[in-house]
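Working notes, structure below.
The values are calculated or read from the model by the stated rules, or taken from the named source; none is laboratory data. If you're wondering where the values come from, they're calculated on a predicted model, not measured in any experiment. Positions of Cβ are backbone-derived with ideal geometry, glycine not excepted, and every protein chain shown enters the neighbour counts.
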Amino acid sequence: MKKLFFIFFFMSTFSLYSQKILVLDINSKKPIENVQFFTQSRGSVSDQKGLVSVVGFEETDIISIRHISYFEEKIKKNKLLDTLYLMPKNNMLKAINLKESKISQEKSDYIFFKKTNPEMHRVVSTSELLKKIPGITSQENQNGGGSPNFKGMEANRLLLVVDGITLNNGIYRSGHVQSSSLINPFFIESIGVATSSSSSVYGNGSLSGGIVLNTLKPYYKADKGFIHQQYETSSSSSMVNYKMNYDINNIAMVTAFSIKKSDNLKMGLNRVHGYEDWGNEEHIILNGEQKFTEYTQSDFMHKTMFGNYKSKWLLSTFYSTGSKINRFDKLNDKDSEGFAKYKYWYYGPQNRFMQSLHFYTDLGGTIFDSLGVICAYQNLEESRHKQKNSDLYLSNRHERVHVYDLDVSFKKKFSRGFLNYGGGVRKQKVLSSANLELNNTYYYNTTRYPDGGSNIDDLFFYTKIRFNLSDFFFTDIGCRFNVNRLNMLFEDTLTYNFPFDKVKNENQSLVYSLKINYKPNKKTLIYTSAYTGFRNPNVDDIGKVFSKNDNYVVVPNPDLIPEKSQNIEFGFSGNINKILYAQVMVFKTFISNAIIRDFGNINNLDSLLYDGEIMRIQMNKNNEAALIEGVAFFVKYNLLKNITFNVDLSYLKGRDSEKNPLSHIPPLNSKVNLKYYTNDTEVSFYVKHNGTKKANQFDAAGVDNFDEATLEGVPSWTTLNFSISERIDKNILLSVAVENIMDIHYKTFASGMSASGRNIILSLQTNF
């Protein structure tokens, strides 16, 4: 399909010889400024009205037509017409548009929003991709994975949403969850960070925000694809990504798959922090190579779109699987005699299947103008396997989660704004099994979660109204009502002798949001908001039996109630002047009834036998009130026409009611990026910096993995990085990057393994 289209504005032969050409965007039909028309000897540039003079060009000249945001074209002067359309690089053809995954979510609800365009840029992992968003950090306990952190919220307190479907489920835990690895970065089309409205739109789990990932969409009449290959030296990893968009009889489809194989990750060797032995245990490190960090990952996605201009259906299928993942932070533990404590400690292959059906229509009536419906099913499998060198048996514990979602949303416009409303239901079933293994013979073992199964039912209703107070001011008011029921059955009543065999936990929550927006122009938004959030205790909170460090065992507590939050937030995004653009967010979050781990008793006993050892009892309790406050900002400064200078920074503080440090509070982090770009070339030199996390700033419960830090805490670190991408022609893109140029040794906050040392990344993409 040609990417350059021509139309006549004048039905005469005069147009063939017009001396000015009007250049327009194929989608928006708006004029394009600074389009270059040139040959080896002549050149011309379009003005603000999109007009470019071709006086002086010979009729037989082949004119190159270039713009940084559009595909390059070449055409003879005598073939030019009065008006031509250029195709944007980030939009091959007009995409099938289902509005947002939820029609109640507006783009203005995102304080930070990013088009990822994976076809144009080197990407290592989704964890690395998320860290490109201001305010997001990541904790890493495995190679290729990462647990994102936003506003001090991580794991089960931070929503992860893919195409309008919440990934958080009944066994999302309070520790670090490496769930971002389940979404391939090459499948992601855009990332939005939702704040004030997320509690009313997405509900359970959104105490202070959510990360919304939108994946690739099908395109009509665009048989287009690419093959991307990548190699990384620090882990000798190779990756192949494939995407194809095609259509048959008005049915549009996109298919993508990815395979990555990684060997052990090499840490940096330049220990500028001065700790020679930190993270360098001889039984698990060999010449800077972190043993047992290898893995493989395979991902598949397919979407089919059909319908007409007014009503559309989208059927999506995702599948992700991988190899076993060794628990590196456990394999580096030593026993009392200084030897490796564990023979095995690994997660089994994590398999995720998700299928969804989206429906959208503009054929409304009296009570709505548009309707969106999401039906989804998720099937997740995970397992834990461990054996101490002193143990005879390998302990195996398996979990399977089934999640069913139905969400119906409506939109009704009126003269001064619009009303969004909707509701739905979510059903979850958690199945847990376990065994002890010796020589392929299996024996009884206790399960991590109730062995009789667990069920969670959520029923919810939400609404949001936008009211335009004037041409520049508008308000968003939202609320959500949620009913949650959790039932668990303990069939084994003898091993631990809990005072219950059935657990029922029922909660109701009502949350609200108020946001006042000032938008003086299309590119500038200033807002202030107040909103509440909640998180219902899940199966992991209430019914888990496990030990983190073999000193304490966590037991069930059926009396938990929802965590609640109250938030105040201020934000700005827009151009300060012609060369300076900024995004800023300042917030305070007060958490009540926070669920924390504390000492407890069962049957008047403070200890019990778990995995062959007597351990002190702990349980989750609603014992904490906490305050988190912080700031995140992004600034882009256009130094010259083709040179930009970017800075992003985030800083958080978190304390409980007794001024003790909270978990999940990363130190100051920042990134400075100097970028030069042309139509075919992009060169970046960037610096990443993380501040010091002192020992007295770690949480007391051990969630932040203080045992993986130094005695003084986690030292600050700074890395120098470089990348260059060159488009050889319109179908071939070659990229080279060097990360951590100085080969600095460091760990990101709360991580169990050392970060990558010097890493050279080679990337080749071929379009077809």
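Output the residue which, of all residues in the range 240-252 that are aliphatic (A, V, I, L, M) and over 24 Å from the mean Cα position of the chain (by Cα), is surrounded by the most Cβ atoms within 10 Å (Cβ to Cβ). Before you say what the answer is, go through the steps one by one.
Going residue by residue through the range 240-252, those that are aliphatic (A, V, I, L, M) are 240, 244, 248, 251-252.
Subsequent filtering for residues that are over 24 Å from the mean Cα position of the chain (by Cα) retains 248, 251-252.
On the way: I248: 9, I251: 14, A252: 24.
Per the stated criteria, the residue is A252.
Within the range 413-426, track down each residue that is surrounded by 16 or more Cβ atoms within 10 Å (Cβ to Cβ) and more than 30 Å from G170 (Cα to Cα). Break it down stepwise before answering.
Within the range 413-426, the first condition is being surrounded by 16 or more Cβ atoms within 10 Å (Cβ to Cβ), and the residues that meet it are 418-424, 426.
Of everything in the range 413-426, those that are surrounded by 16 or more Cβ atoms within 10 Å (Cβ to Cβ) and more than 30 Å from G170 (Cα to Cα) turn out to be F418, L419.
Matching residues to (1) surrounded by fewer than 19 Cβ atoms within 10 Å (Cβ to Cβ); (2) closer than 28 Å to T710 by Cβ:
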position	(1), (2)
G225	yes, no
S238	yes, no
V254	no, no
S258	no, no
I284	no, yes
M301	no, no
S316	no, no
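If you take the residues in the range 593-635 that are under 36 Å from the mean Cα position of the chain (by Cα) and β-branched (V, I, T), which one is surrounded by the fewest Cβ atoms within 10 Å (Cβ to Cβ)?
Among them, the one singled out is V631.
To keep it simple, each residue is scored yes or no on (1) at pLDDT 95 or above; (2) assigned to a strand (DSSP E or B); (3) in contact with a helix residue (DSSP H, G or I) (Cβ under 6 Å, 6 or more places away or on another chain); (4) on the phi > 0 side of the Ramachandran plot.
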site	(1), (2), (3), (4)
D247	no, yes, no, no
H273	yes, no, no, no
D277	no, no, no, no
E282	no, no, no, no
Q297	no, yes, no, no
H302	yes, yes, no, no
M305	no, yes, no, no
F318	yes, yes, no, no
T321	no, yes, no, no
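Out of curiosity, is A256 in contact with an Asp or Glu (Cβ under 9 Å, 6 or more places away or on another chain) and touching a residue at least 12 places away in the same chain (Cβ under 8 Å)? Quick ask: steps written out before the conclusion?
Details: in contact with an Asp or Glu (Cβ under 9 Å, 6 or more places away or on another chain): yes; touching a residue at least 12 places away in the same chain (Cβ under 8 Å): yes.
For A256, the condition - in contact with an Asp or Glu (Cβ under 9 Å, 6 or more places away or on another chain) and touching a residue at least 12 places away in the same chain (Cβ under 8 Å) - is met.
Tell me, yes or no, whether the range 523-544 has at least one residue that is loosely packed, with under 14 Cβ neighbours inside 10 Å and either at pLDDT 95 or above or not aliphatic (A, V, I, L, M) (or both).
Yes, there is a match, as at least one residue in the range 523-544 is loosely packed, with under 14 Cβ neighbours inside 10 Å and either at pLDDT 95 or above or not aliphatic (A, V, I, L, M) (or both).
Return a yes/no flag: does the range 480-496 have any residue that is charged (D, E, K, R), out of contact with any helix residue (DSSP H, G or I) (no Cβ under 7 Å at 6 or more places or on another chain), at pLDDT below 95 and surrounded by 14 or more Cβ atoms within 10 Å (Cβ to Cβ).
For the range 480-496, residues charged (D, E, K, R), out of contact with any helix residue (DSSP H, G or I) (no Cβ under 7 Å at 6 or more places or on another chain), at pLDDT below 95 and surrounded by 14 or more Cβ atoms within 10 Å (Cβ to Cβ): present.
Taking only the range 710-721 into account, find how many residues are free of Cβ contacts under 8 Å to residues at least 40 places away in the same chain and within 27 Å of the chain's Cα centre (by Cα).
Of the residues in the range 710-721, 4 are free of Cβ contacts under 8 Å to residues at least 40 places away in the same chain and within 27 Å of the chain's Cα centre (by Cα).
Filter the range 134-184 for residues that are of a type in the set (A, V, I, L, M, F, W, C) and over 11 Å from the mean Cα position of the chain (by Cα) and give the result.
Taking the range 134-184 first, the residues of a type in the set (A, V, I, L, M, F, W, C) are 136, 150, 153, 155, 158-162, 165, 167, 171, 177, 182-183.
If the condition is that a residue be of a type in the set (A, V, I, L, M, F, W, C) and over 11 Å from the mean Cα position of the chain (by Cα), then M153, A155, I165, I171, V177 are the ones that fit.
In this structure, does I374 turn out to be of a type in the set (V, I, T), in contact with an Asp or Glu (Cβ under 9 Å, 6 or more places away or on another chain) and closer than 16 Å to V408 by Cα?
Details: of a type in the set (V, I, T): yes; in contact with an Asp or Glu (Cβ under 9 Å, 6 or more places away or on another chain): yes; closer than 16 Å to V408 by Cα: yes.
Against the criterion (of a type in the set (V, I, T), in contact with an Asp or Glu (Cβ under 9 Å, 6 or more places away or on another chain) and closer than 16 Å to V408 by Cα), I374 qualifies.
State whether the residues of the range 158-181 include one that is of a type outside the set (A, V, I, L, M), at positive phi and outside the structural domain of V736 (by TED's automatic domain parsing). Write out each step before concluding.
Restricting attention to the range 158-181, the residues satisfying the condition of being of a type outside the set (A, V, I, L, M) are 163-164, 166, 168-170, 172-176, 178-181.
Still in the list and also at positive phi: 163-164.
Still in the list and also outside the structural domain of V736 (by TED's automatic domain parsing): 163-164.
Yes, the conditions are met somewhere in the range 158-181.
Checking S174 against (1) surrounded by fewer than 24 Cβ atoms within 10 Å (Cβ to Cβ); (2) hydroxyl-bearing (S, T, Y); (3) in a helix (DSSP H, G or I), only one condition comes out false. Which one?
Failed condition: (3).
Whether any residue in the range 732-751 is surrounded by fewer than 20 Cβ atoms within 10 Å (Cβ to Cβ) and touching an Asp or Glu at 6+ places or on another chain (Cβ under 6 Å) is what I want to check.
For the range 732-751, residues surrounded by fewer than 20 Cβ atoms within 10 Å (Cβ to Cβ) and touching an Asp or Glu at 6+ places or on another chain (Cβ under 6 Å): present.
Check S196, S179, S147 and return the single one that is of a type in the set (S, T, N, Q), under 21 Å from V430 (Cβ atoms) and in contact with a helix residue (DSSP H, G or I) (Cβ under 8 Å, 6 or more places away or on another chain). Even if it seems obvious, please write down each step before you answer.
On the way: S196 fails: under 21 Å from V430 (Cβ atoms); S179 fails: in contact with a helix residue (DSSP H, G or I) (Cβ under 8 Å, 6 or more places away or on another chain).
Being of a type in the set (S, T, N, Q), under 21 Å from V430 (Cβ atoms) and in contact with a helix residue (DSSP H, G or I) (Cβ under 8 Å, 6 or more places away or on another chain) holds for just one of S196, S179, S147, which is S147.
For the subset of the range 264-282 comprising residues that are under 14 Å from F328 (Cβ atoms) and of a type outside the set (G, A, S), which member is surrounded by the most Cβ atoms within 10 Å (Cβ to Cβ)?
Within the range 264-282, the first condition is being under 14 Å from F328 (Cβ atoms), and the residues that meet it are 264-267, 279-281.
From what's left, of a type outside the set (G, A, S): 264-267, 280-281.
Working: N264: 20, L265: 28, K266: 23, M267: 24, N280: 17, E281: 16.
The extreme case among them is L265.
Could you tell me which residue of the range 752-768 is surrounded by the fewest Cβ atoms within 10 Å (Cβ to Cβ), considering only residues that are within 18 Å of S235 (Cα to Cα) and of a type in the set (V, I, T)?
The qualifying residue surrounded by the fewest Cβ atoms within 10 Å (Cβ to Cβ) is I760.
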